[in-house]
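Derivation of every value follows stated rules applied to the coordinates shown; laboratory data play no part. Since we're looking at a predicted model, the values are computed, not measured. Neighbour counts are summed over all protein chains in view; Cβ atoms, including those assigned to glycine, are modelled from backbone coordinates with ideal geometry.
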């Protein structure tokens with residue numbers, strides 16, 4: 001069973017989420033609430049949650065400030081936010097979870113299920129929180145650092161280091177500059193959505209390619225060559241899109 005803590009400065013939002021948890025998430029056995037980071041800090045002197053529902057947009061100290069408090073115990077976090085695309089991207093780039101207000105009960109249930117499947121150590125989770133804090137401080141999403149958990153641990157890298165991403169059933173093989181590939185337990189579609197604002201093109205159902213690393217396209221437009229020498233197929237269905245993206 002899970003002990004949870006809700007941190008949100010809006011009383012109504014706290015109450016709504018509390019009721020949703022009681023109604024739809026029986027695995028959460030105990031719920032406490034706090035209206036500020038300071039109140040949460042005081043509460044956690046005697047109440048240690050397994051899972052924290054953390055509002056991003058709060059006055060004075062926001063949700064991200066809470067993660068930087070010293071001596072925080074080992075807990076998982078699900079961020080709560082209104083439609084703040086910058087914050088959402090920062091959270092996603094740090095391999096962390098979030099829910100959008102107003103919270104949908106099914107989304108809440110799925111987020112708690114994902115909590116059970118997360119396998120990061122305390123140290124790894126702290127690194128993810130630190131990565132999130134660093135991303136939030138950036139002025140441009142293009143400067144975000146990406147965190148990708150795998151069976152080997154958590155990999156951190158900049159988007160411009162990605163050569164290409166390759167589908168492997170429900171997994172993705174990530175190819176980086178001057179580094180060995182590794183396998184991420186996310187679909188290629190997941191990364192395609194995340195990288196939508198960057199210069200990537202889907203050349204095939206199995207390949208997502210960094211446009212900045214394309215050095216040549218064949219005369220018949222059936223394949224491209226990347227800066228590492230790899231040759232990537234361009235499917236018939238994707239030819240027009242590839243040509244458009246490359247201004248051919």
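So the values come out like this:
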| quantity | calculated |
| --- | --- |
| Nearest-ten-degree value, helix 105-117 long axis tilted from longest Cα axis of the chain | 80 degrees |
| Degrees, to the nearest 10: 122-136 long Cα axis against longest axis of the chain | 70 degrees |
| Cα-only Debye scattering, segment 10-57: base-10 log of I(q)/I(0) at q = 0.21, 0.26, 0.30, 0.31 Å⁻¹ | -0.79, -1.14, -1.32, -1.34 |
| Stokes-Einstein translational diffusion, segment 148-245 - Kirkwood Rh over all Cα pairs, 1.567 mPa s, 4 °C, in µm²/s | 95 µm²/s |
| Segment 2-136 shape via C-alpha gyration tensor axes, a/c threshold 1.5 | rounded |
| Euclidean distance between Cα centres, segment 183-203 to segment 1-46, Å | 34 Å |
| Residues in segment 154-172 that a label on residue 134 would reach, taking backbone N under 13 Å of a point 7 Å out along Cα→Cβ | 155-159 |
| Rg [Å, one decimal], Dmax [Å, integer] - the chain, C-alpha atoms | 20.6, 68 |
| Two-site FRET efficiency, residue 110 against residue 189, from Cβ-Cβ distance with R₀ of 22 Å, rounded to 0.05 | 0.85 |
| Rounded if a/c under 1.5, otherwise prolate or oblate - segment 118-200, Cα gyration tensor axes | oblate |
| Net length gained if the chain between residue 158 and residue 36 were fully extended (0.36 nm per residue, minus Cα distance) | 40.6 nm |
